[in-house]
């Protein structure tokens, strides 16, 4: 088995499901996480647990300080994480985050001679981030094939998005079927240092509703008094 | 004057000319450099000198360790910098480098509400890197406009490449006309800690020939015994 894939792994519910899916499809998984100055950097502990549980071929955590540019409630402490639904693109949007992450994944894919990059974006139950839409992913793939030596030499690189058309409940159902233990994962934007969730941020609300709709018991550990 | 531009500034000849060009066009320049684990990190001193000489609005140096992925003579000490011309894409190609750099520039541009990113790529006198070609830049621009809140809101972001059709000699002629002091810049891939050049790497050979063809005295300081 020689198919290699770079899989973006945040340590959350979606990216963990994607690791399981890529492995089920027979890929050797090279998991890539980022220490980008995120408020909820405890998600990196979750990423390490997931990488270990799946025994991936390699797990890299690359530091890239997006606090240097700021502009998001996740990377600027002067902004608060919203706890209610709002119209439009929320404050938790991190400018160009997926573009930065995919770019480093692209470099690593080229070094590994991997032809596939997996990312857990969904355009169904999502927060309205522009860099989660299928038209963005298609444009990224086209650019990536012009950017690299691999592309110039006629080897096609694909950006795979197995969750793009799935609701959160469908993602959870898929993960359960693939044996994912969601107790390992952290989705909350303001998880405490033990990885316990606030229950009210965008990410918590989507996750909670997902478990309810999927009819799966929610294994999330919440802040004391929340749940 | 409210036009802002993010300008990628390595500290070399091309990007310095681009800073001069953007300023001549009336942009407020936000210069962006990367400490990416490059062998020739003395170029960052040159970037600081250039940013100061032009009194740019702001100069950021963002650390992003591309040694974590390796795959280039510039970011892997086990590989040597070639000193003779070779066929194809040379070993100094850094996988996805411009894609990574442009992505962080894109994030900063969005935070600044800048609608222009300048990059000093040329498809004439260049080393054959895929991410210096006009078709790559066009695809990047298209992707960038789908990636961002700015793009979604209908504000067009442009990737400007004022050197794309210029030979090295033409770039130098343009810079001289704009008052650039090329003595501030460092292009060599293996410059010593004083910024002195080897004279024989890809980058030195292109630069040297450029000054000759432009009929401009070469202000480059070379290693003792070289020149």
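Listed values, structure above:
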read-out	value
Criterion (surrounded by fewer than 17 Cβ atoms within 10 Å (Cβ to Cβ) and in a loop (DSSP other than H, G, I, E, B)) met by exactly one of B:84, B:135	B:84
Answer from B:183, B:195 - the residue that is surrounded by 18 or more Cβ atoms within 10 Å (Cβ to Cβ), within 19 Å of residue B:11 (Cβ to Cβ) and touching a residue at least 24 places away in the same chain (Cβ under 8 Å)	B:195
Answer residue from region B:50-81, given it is away from every other protein chain (no Cβ under 14 Å) and within 18 Å of residue B:129 (Cα to Cα) and is surrounded by the most Cβ atoms within 10 Å (Cβ to Cβ) among those	B:81
Any hit, region A:11-24, residues being within 12 Å of chain B (Cβ to nearest Cβ) and farther than 16 Å from residue A:186 by Cα	no
Any hit, region A:110-132, residues being in a helix (DSSP H, G or I) and under 21 Å from residue B:133 (Cα atoms)	yes
Residue satisfying all of: in region A:183-206; in contact with a helix residue (DSSP H, G or I) (Cβ under 6 Å, 6 or more places away or on another chain) and part of a helix (DSSP H, G or I); nearest to residue A:94 (Cα to Cα) among these	A:206
Among residues of region A:108-129, those that are surrounded by fewer than 22 Cβ atoms within 10 Å (Cβ to Cβ), farther than 24 Å from residue A:172 by Cβ and touching a helix residue (DSSP H, G or I) at 6+ places or on another chain (Cβ under 9 Å), counted	2
Where residue A:85 falls short, out of the listed (1) at pLDDT 95 or above; (2) under 20 Å from residue A:128 (Cα atoms); (3) more than 14 Å from chain B (Cβ to nearest Cβ)	(1)
Matching option when the condition is surrounded by fewer than 17 Cβ atoms within 10 Å (Cβ to Cβ) and in a helix (DSSP H, G or I), among A:155, A:212, A:141, A:170	A:212
Residues of region A:85-96 that turn out to be out of contact with any helix residue (DSSP H, G or I) (no Cβ under 7 Å at 6 or more places or on another chain) and either closer than 20 Å to residue B:154 by Cβ or without any contact (Cβ under 8 Å) to a residue 60 or more places away in the chain (or both), as a count	4
Selection within region B:91-101 - touching a strand residue (DSSP E or B) at 6+ places or on another chain (Cβ under 7 Å) and more than 8 Å from chain A (Cβ to nearest Cβ)	B:101
Test set (1) at pLDDT 95 or above; (2) within 12 Å of another protein chain (Cβ to nearest Cβ); (3) surrounded by fewer than 18 Cβ atoms within 10 Å (Cβ to Cβ) - residue A:165 fails condition number	(2)
Set A:187, A:167: member being farther than 23 Å from residue B:133 by Cβ and in contact with a strand residue (DSSP E or B) (Cβ under 8 Å, 6 or more places away or on another chain)	A:187
Selection from region A:87-100 of residues that are crowded, with 24+ Cβ neighbours inside 10 Å and farther than 14 Å from residue A:40 by Cβ	A:95, A:96, A:99, A:100
Residue in region A:28-37 that is part of a loop (DSSP other than H, G, I, E, B) and touching a residue at least 60 places away in the same chain (Cβ under 8 Å) present	yes
Count of residues meeting criterion [touching a residue at least 24 places away in the same chain (Cβ under 8 Å) and closer than 16 Å to residue A:43 by Cα] in region A:198-225	11
Flag if residue A:105 is more than 7 Å from every other protein chain (Cβ to nearest Cβ), surrounded by 24 or more Cβ atoms within 10 Å (Cβ to Cβ), part of a helix (DSSP H, G or I) and out of contact with any helix residue (DSSP H, G or I) (no Cβ under 7 Å at 6 or more places or on another chain)	yes
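The values are calculated or read from the model by the stated rules, or taken from the named source; none is laboratory data. Owing to the predicted nature of the structure, the values given are computational and were not obtained by experimental measurement. We place every Cβ from the backbone using ideal geometry, glycine too, and count neighbours over all the protein chains shown.
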